[in-house]
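Data first, discussion second: the structure below is written as structure tokens.
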């Protein structure tokens, strides 16, 4: 568990910085501690993304983490890498 820095989050979400919801996302992510982990295994990225569910909790399949605990697209409670390449970048970012 830990608290992410504004710099880490701005790097992580650089593709969203110009979106109107970015300040809200940043505030949410800075509001408290987060659990950061690395999951490994065969087809780990796809397997984890199935468990996590769609970004919008209202569109997430019943029983997924986001469907159960997410409250909005901004406050969807969990992040999962979308590719092996992204996962490698994110591991470097959060586990220097």
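Let's see how each residue does on (1) closer than 21 Å to residue 11 by Cβ; (2) in a helix (DSSP H, G or I):
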position	(1), (2)
40	no, no
46	no, yes
49	no, yes
55	yes, no
61	no, no
67	no, yes
76	yes, no
86	yes, yes
90	yes, yes
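Among the residues making up the range 1-18, a single one is out of contact with any helix residue (DSSP H, G or I) (no Cβ under 8 Å at 6 or more places or on another chain), closer than 21 Å to residue 73 by Cβ and outside any helix (DSSP H, G or I): 18.
Quick note: the coordinates plus some simple rules give every number you see, no bench work behind them. If you're wondering where the values come from, they're calculated on a predicted model, not measured in any experiment. As a convention, Cβ positions derive from the backbone with ideal geometry for all residues, glycine included, and neighbour counts pool all protein chains shown.
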